[in-house]
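The values are calculated or read from the model by the stated rules, or taken from the named source; none is laboratory data. All figures in this text were calculated on a predicted structure; none of them were measured in a lab. Backbone-built Cβ (ideal geometry, glycine too); neighbour counts: all protein chains shown. Please note that ligands, DNA and RNA were not included when accessible areas were found on the heavy atoms of the full protein model with its side chains. Shrake-Rupley method; radii C 1.70, N 1.55, O 1.52, S 1.80 Å.
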Amino acid sequence: NIQTNYRISLPYFLAVGENGIISKIEDMKSCSQKLSGTSNHLYGVNFSNNKYIAVGNSGTIIASSDGGNTWNIKTSGTSQDLLDIFYKNNSYVVVGSSGVILTSSDGDTWSSKNSGTTKDLYGITYGKNKFVAVGMEGTIITSTDTESWFKRSSGIIVSINDVAYKNN
């Protein structure tokens, strides 16, 4: 006889926002607010490697390894606003104001990278073997390794607020 044990885990959403608010939405009917440990606005959140990481105002980075129930403040090394986060190839990449880019392999220790721009970066994604970040006044920068970033021409002067990649 083969005996199989199943653990059913219900999916949920985690939303971040103003004044450090974090809402865990489990049944699409109600949500529970979690204490983030910060009153700074939070702009981006990512779940990878069994860890949530949220980013926000004044260099705020917070992390949770228990499904978003408790949060720990991390040292980012910057006072710039952090606006988006993405994870790929064993690297978390954060973008923000004044061209700030931070990277981390574990979500705990963060390093600053030279983005080659002082323009605000609003969004980041990964596709076709490269990270792509976008931002103020048509800014587009790319990197294959998160170390070296290259400016690309967008041909527009208005801000690009976010970016996504669709793989066929």
Under a 5 Å amide H to amide H cut-off, with H placed in plane at 1.01 Å, what residues pair with Asn49 once short-range neighbours are removed? none
Go through Leu121, Leu35 and list them by solvent-accessible area, largest first, probe radius 1.4 Å. Leu35, Leu121
Please give the solvent-accessible surface of Ile141 in Å², to the nearest 10, using a probe radius of 1.4 Å with every protein chain present. 0 Å²
Estimated D of the chain in µm² per second, where Rh is the Kirkwood radius over Cα pairs and Stokes-Einstein applies at 4 °C, 1.567 mPa s: 77 µm²/s
Over segment 77-153, one equal point on each Cα, no solvent: what is log10 I(q)/I(0) by the Debye formula at q = 0.12, 0.15, 0.17 Å⁻¹? -0.26, -0.41, -0.53
At a 1.4 Å probe, what is the % contribution of carbon and sulfur to the accessible area of segment 94-168? 46 percent
With DNA, RNA and ligands ignored, accessible area of Ser104 (1.4 Å probe; Å², nearest 10): 10 Å²
Give me the accessible area per residue for segment 16-168, probe 1.4 Å, as a whole number in Å². 52 Å²
In whole percent, what relative contact order does the chain give with Cα contacts below 8 Å and a gap of six or more residues? 12 percent
Counting other Cβ atoms within 10 Å, keep those with at most 11, restrict to DSSP loop, and tell me which trypsin sites (Lys or Arg not before Pro) in segment 92-156 are left. Lys128
Per DSSP loop assignment and a cutoff of at most 15 other beta carbons within 10 Å, the chain keeps its longest run without exposed chymotrypsin sites (Phe, Trp or Tyr not before Pro) at 13-164
Let me know the charge dipole size of segment 74-165 about its Cα centre in debye, to the nearest 20, where only the beta-carbon of Lys, Arg (+1) and Asp, Glu (-1) is charged. 280 debye
Theoretical FRET efficiency, 1/(1+(r/R0)^6), r = Cβ-Cβ of Ser111 and Lys151, R0 22 Å, to 0.05: 0.60
Ordered by number, the trypsin sites (Lys or Arg not before Pro) in segment 1-108 that occupy a DSSP loop and have at most 10 other Cβ atoms within 10 Å are Arg7, Lys29
If you scale each eigenvalue of the Cα gyration tensor by 5 and take the root, what three semi-axes come out for segment 17-73, rounded to whole angstrom and sorted largest first? 17, 14, 9
The chain - charge dipole about Cα centre, Lys and Arg +1 at Cβ, Asp and Glu -1, debye rounded to 20: 360 debye
Mind giving me the FRET efficiency for Lys130 and Cys31? R0 is 45 Å, r the Cβ-Cβ distance, nearest 0.05 is fine. 0.80
